[in-house]
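One structure below.
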Amino acid sequence: MRWFLAVVLGLWLGCTSLSLPATADSPPDIGSLRKQAFELTSKGKFDLAEAVWTQLLEALPEEPALWSNRGNVRVSQNKIEGAISDYAQAISLDPLQPNAYLNRGAAYEAAGNWQAAIDDYNRVLKLSPNDPAAYNNRGNAKGGQGDWNAALKDYEQSITIQPSFSLGYANYGIALFEVGDQGRSLQVLKSLARKYPNYADVRAALTAVLWETGHRGEAESQWAAARGLDRRYADLDWVQHVRRWPPSLVTGLEHFLHL
């Protein structure tokens, strides 16, 4: 999955069979369709979920949450342009709802449109000034622009607002390494690895930081754990372009992998 934080509305449990299309004599059962859409989404059956969200939109085109939810499943299928269009429609119907801006910003990130993403995260923060996800995501987009000092400030703000925000802490620790604070980066990432031993991203990042700071044995140990949790970290192209680690951390992992 893409490494951005998109808000998905709460899931409901319901039946798994798809409803038949409505006819003039049989209007759609909206409640049943909603349950199906949320269940299919929660199970990762995004193509089927998209079809049900579309049915709901045909019946209720003025409901912004439906547009946003269809945008979410489109992002999950890498249908980025369609998702952005859906979020834009949700925003036009309810311009004071921050979630659609947050989700559209994440979609813009997936498309590499960093400034458009930042603009949307700024809109979220005007509506909801203490949203840790918006600060974290804006940090991601600023990192995409190469401004890791600005990214670091946003990550720090996200964890100041929500100290339990593990994703924000991981990004904070990674950004610290990029801006040259290796000692603090090592401290933060080690603390996270102890608290969340199955956090593959932290284990892999810690591998690179330990290797670059001369802790070769510890790096080997962390890599064994990271590789067991998620083998994608052995793919430097994925780490750089999908996970979007900063350059110095990618280089550190490259040094480790190319012993």
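The values are calculated or read from the model by the stated rules, or taken from the named source; none is laboratory data. Since the model is a prediction, treat every value here as computed from it, not as a measurement. Here Cβ is always computed from backbone atoms with ideal geometry, including for glycine, and neighbour counts include all displayed protein chains.
Points worth noting:
- Residue within the stretch 140-151 that is surrounded by 16 or more Cβ atoms within 10 Å (Cβ to Cβ) and more than 17 Å from G105 (Cβ to Cβ) present: yes
- Consider the stretch 196-224 and keep the residues that are buried (at least 18 other Cβ atoms within 10 Å of the Cβ) and of a type in the set (S, T, N, Q). The one that is nearest to F256 (Cα to Cα) is T207.
- Selected residue (criterion: surrounded by the most Cβ atoms within 10 Å (Cβ to Cβ)) from residues of the stretch 108-139 that are among the polar types (S, T, N, Q) and either at pLDDT below 95 or in a loop (DSSP other than H, G, I, E, B) (or both): N113
- Checking R231, R184, R227 one by one, the residue that is at pLDDT 95 or above, surrounded by fewer than 16 Cβ atoms within 10 Å (Cβ to Cβ), out of contact with any Gly (no Cβ under 6 Å at 6 or more places or on another chain) and more than 29 Å from G105 (Cα to Cα) is R184 and no other.
- Inter-residue pairs, beta-carbon under 7 Å, first on the phi < 0 side of the Ramachandran plot and in the stretch 49-66, second of a type in the set (D, E, K, R), 6+ apart: E50/R70; E50/R74; W53/R70; T54/R70; L56/R34; L57/R70; P64/D94
Here's the yes/no breakdown for (1) in contact (Cβ under 8 Å) with a residue 60 or more places away in the chain; (2) at negative phi; (3) touching a Ser or Thr at 6+ places or on another chain (Cβ under 6 Å):
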{"residue": "L127", "(1), (2), (3)": "no, yes, no"}
{"residue": "Y135", "(1), (2), (3)": "no, yes, yes"}
{"residue": "K153", "(1), (2), (3)": "no, yes, no"}
{"residue": "Q157", "(1), (2), (3)": "no, yes, no"}
{"residue": "F177", "(1), (2), (3)": "yes, yes, yes"}
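- Flag for E62 being surrounded by fewer than 16 Cβ atoms within 10 Å (Cβ to Cβ) and either aromatic (F, W, Y) or under 25 Å from V242 (Cα atoms) (or both): no
- Qualifying residue in the stretch 23-46 (condition: crowded, with 20+ Cβ neighbours inside 10 Å, among the charged types (D, E, K, R) and either within 29 Å of H241 (Cβ to Cβ) or out of contact with any helix residue (DSSP H, G or I) (no Cβ under 7 Å at 6 or more places or on another chain) (or both)): no
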